[in-house]
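The values are calculated or read from the model by the stated rules, or taken from the named source; none is laboratory data. In this text, all values refer to a predicted model and were calculated from it rather than measured experimentally. Here the Cβ positions follow ideal geometry from the backbone for every residue, glycine too, while neighbour counts run over all protein chains shown. In case anyone asks, the SASA skips ligands and DNA or RNA and just uses the protein heavy atoms, side chains included. Shrake-Rupley method; radii C 1.70, N 1.55, O 1.52, S 1.80 Å.
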Amino acid sequence: MRNKIEIEDLKVHYGDIPALNGISLNVVENEILGIIGPAQSGKTTLLKVINRTLELTQGVTIEGSVRLDGIDVNSIGDVYGLRKRIGMVLPLPVGLPLSIYDNVAFAPRTSGLRNKAELDVIVERCLQQAALWDEVKDRLDSLGTKLSGGQQQRLTIARALSHQPEILCLDEFSIAVDPITTMRIEEVLKSLKNEMTILLVTNLVQQAKRLANRTAFMLNGDLVEIDDTEVIFSDNPTQQSTYDYINGNFG
Amino acid sequence: MRIQPNKATNRPFSETVIELFIRLCGISSILFVFGIFFFVFKEGASFLFNGLNLSEFLSSEEWYPTSLNNKRYGTLALILGTFGVTSLAMLMAVPFGLGAAIFVSEFCSPKLRETFKIVIEFLAAIPSVVWGFIGLTLMNQLIIQVFNAPIGLTMLNGSIMLALMSVPIIVSIAEDSLKAVPDSYREAAEALGATKWQVIYRVLLPAAKNGLLAAVLLGAARSIGETMAVLMATGHSVNIPTSPLSWIRTLTATIAAELGEVARGGEHYQVLFIIGILLFTITFIVNLIADLVIKGIRQG
């Protein structure tokens, strides 16, 4: 089992406000790592450090190191190429103001792919994977922003898969999705695990329990505990606060 | 059975008053537009329907309203003057204005952006007569020297002044509409590995296209309606423009220059009002096209 991502003593400040206070963790290749914790605990910040979109925020300082396949992400010159290796699904579904087809074809096109037949294949594959194809195959030309919230969320998942990423980061994807669709996407994630490494940030602790091989619990910018999901969700995880959070004693 | 809300008992009195006031504000703006149109139309109506040769008015280039024995009212040269100077101005103002808006909205640091916005707003506040003065003196000399022209008061001079006047409008409206594009679009596109420029032309410009179009059209409307600067900078000479160095006269400048000199209610006076109706019609058509284009974009 190889480490896909190695994070070492990662500290992030927004101006004077600390967001991450020295976090170290590894993500193993082809696992689903669940990340749970209440709001403001630094989960989203962690994801944004990995694909280096956090540095676009004004006034942010980042210390420590994030290594992808053993290479420090900050030493990678082609930051756009790096971002293409990491699929990112944001909490609120953002259909770009383009057609459904163009939404999914966006990333391949930015890499210079123009061949319509190849794009068609990618669009269909990604929409299939995101469990959206059957609902939209007859109206690929209509605006992505006109889909319902749950459909838009699946569209963003399809989009994130369009450049065949090595890592898929999902940031609370099920906020805008109904339970049935959530289940369908969870099935998709289980099968995608064979092809890629998945980081699943979620507010639904049961979702982490269902899907994750290992689970990390974060609180106020600290990593409280990371362990096999069975251990975290057992009656005696190492930290008392983990037990309290999972069992609804606070938060 | 349908249940009707009972307005009299359900709504506080203040709500009714406020609604009435807002309703009046809305209706009054419509009334003012119609009032202006009605007045301009009334002043020119009797000659428009009785005496004026409309096809000659639109297609003849002979504008001799003060000739003693053969008065001719042909506005073709004036129409072409207005269109020529406006199009040339837009040719300069649109790329500069949109480029500046993209720079201010997407590339500037917040501090520099504030400075830029203040300078741009200041530029928009310069009275048109000052631009006319600059055209008459500075730009006149410049054009004479650069193009070796006999005189610098030309369509080019006027259009540069108009471009300088419409750029601030285009920049501020275009910048607003770019800023109105949600940051989540930028974040989503950046997370997909798009470069800054790809984010701009693949996501921001399509998302903001209605606002950008409005910016361009308002800039154009300002150019068409502008009077004083073109009166001073274009030579004010009735002439069909053949090159940017032609001297020309516009519809608006003609009204401004001649209305004070004519006998009230006379033929010439009425013709100037008919030119006003013509300007009205042109701006109406421009706005209509804009509406249709925007609707087309929304559906497409």
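Some points to look at:
- Over chain B, relative contact order from alpha-carbon pairs under 8 Å, at least 6 apart, %: 25 percent
- For the pair residue A:146 and residue B:240, a Förster radius of 56 Å applied to the C-beta separation gives a FRET efficiency near 0.65, rounded to the nearest 0.05.
- Relative contact order [Cα under 8 Å, 6+ residues apart], chain A, whole percent: 27 percent
- Shape category assigned to chain B from the gyration tensor of Cα positions, a/c cut at 1.5: oblate
- On the beta carbon distance between residue A:231 and residue A:1, with R0 = 25 Å, the FRET formula returns roughly 0.90.
- Charge dipole of chain B about the Cα centre (unit charges at C-beta), most positive-ward option of B:245, B:214, B:180: B:180
- Computed over the range B:76-251, relative contact order equals 39 percent, with contacts defined as Cα pairs under 8 Å that lie 6+ residues apart.
- Here the Karplus curve 6.51 cos²θ - 1.76 cosθ + 1.60, taken at θ = phi - 60°, turns the phi angles of the range B:54-59 into couplings of 5, 5, 5, 4, 8, 10 Hz, with x standing for Gly and Pro.
- For the range B:272-289, backbone phi angles converted through the Karplus equation (6.51, -1.76, 1.60; θ = phi - 60°) give residue-by-residue couplings of 4, 5, 5, 4, x, 4, 4, 4, 3, 4, 4, 5, 4, 5, 4, 5, 4, 4 Hz, Gly and Pro being listed as x.
- Between the range A:107-161 and the range B:86-110, the Cα center-to-center distance that results, in Å: 33 Å
- Modelled this way, with points 7 Å down the Cα-to-C-beta line, the labels at residue B:17 and residue B:137 are 5.4 nm from one another.
- The calculated FRET efficiency for residue A:61 paired with residue B:56, based on their beta-carbon distance and R0 = 60 Å, is about 0.20.
- Solvent-accessible area assigned to carbon and sulfur over the protein assembly as shown amounts to 61 percent, based on a 1.4 Å probe.
- Euclidean distance of C-alpha centroids, the range B:191-225 and the range B:235-270, integer Å: 36 Å
- Annotation: per residue accessible area for the range A:43-154 equals 42 Å², rounded to a whole number [probe 1.4 Å, protein chains only].
- Label point distance in nm, residue A:250-residue B:268, each placed 7 Å from Cα along Cα→Cβ: 9.0 nm
- Virtual spin-label span in nm between residue B:119 and residue B:91, 7 Å along Cα→Cβ: 2.7 nm
- Inter-centroid distance (Cα atoms) of the range A:212-245 relative to the range B:53-82, Å: 87 Å
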